[in-house]
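Comments concern the structure below.
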Amino acid sequence: MIRSLWPLHRTVVRAVERELMGTGMTAGQHAVMDELRRGGPRTVPQLARLLGLDRQPVQRLVNDATALGLAESAPNPEHRRSRLIRLTPKGEATIRGVQEAEEAELRRRLSDLPAGDVTTALHVLRRLGEEFKDLAQDAPPHPTDRGDDPR
């Protein structure tokens, strides 16, 4: 199962990039914008933790999305120096449109898949995620990891 995840991940990224053609967005920006759409404004370190990525690449994705007019930074009432990143109206409309198209296509293609199979698959993937998160915490820190800074 784990051996199937790597090629699946690469295939999903390629499919997402295909869907994003013409938007100027990358798959990484899609992931950041999806998180902002689902969870509201976040700091870059919060986004990085949620996405399981280092802070620096997430900062670059945020910078690129900001340059496209899809995201913006705002004051953070909880921390003076760490700004909140939020979607702009253009960003909200763009990610909503992309996600609605993705959802419609997947529903069409996977209509024969029983709901119970989807529930089981989600359960297994979440459990794998939990176990690998625990394993990763036992590993030595990555050189670019900045720790648990809440900003």
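Tabulated values for the structure
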| read-out | value |
| --- | --- |
| Selected residue (criterion: modelled with the lowest pLDDT) from residues of the range 128-141 that are charged (D, E, K, R) and farther than 25 Å from ARG42 by Cα | ASP138 |
| Test: residue in the range 68-88 that is in a helix (DSSP H, G or I), among the hydrophobic types (A, V, I, L, M, F, W, C) and surrounded by 16 or more Cβ atoms within 10 Å (Cβ to Cβ) | no |
| Cross-chain or 6+ apart pairs with Cβ under 9 Å, the range 80-109 first and β-branched (Val, Ile, Thr), then in a strand (DSSP E or B) and open to solvent by 50 Å² or more (accessible area, probe 1.4 Å) | ILE85/ARG42; ILE85/GLU72; ILE85/SER73; THR88/GLU72 |
| Residue within the range 13-24 that is surrounded by 16 or more Cβ atoms within 10 Å (Cβ to Cβ) and not in a helix (DSSP H, G or I) present | yes |
| Exclusive hit being modelled with pLDDT under 95, open to solvent by less than 30 Å² (accessible area, probe 1.4 Å) and not in a loop (DSSP other than H, G, I, E, B), set GLY28, GLY97 | GLY28 |
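This table checks each residue for (1) modelled with pLDDT under 90; (2) surrounded by 10 or more Cβ atoms within 10 Å (Cβ to Cβ); (3) of a type in the set (Ser, Thr, Tyr).
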residue	(1), (2), (3)
GLU102	no, yes, no
ASP112	no, no, no
ALA121	no, yes, no
PRO143	yes, no, no
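The values are calculated or read from the model by the stated rules, or taken from the named source; none is laboratory data. This is a predicted model, so every value here is computed, not measured. Cβ: placed from backbone, ideal geometry, glycine included. Neighbour counts: every protein chain shown. Note: areas computed on protein heavy atoms with side chains; ligands, DNA, RNA excluded. Shrake-Rupley method; radii C 1.70, N 1.55, O 1.52, S 1.80 Å.
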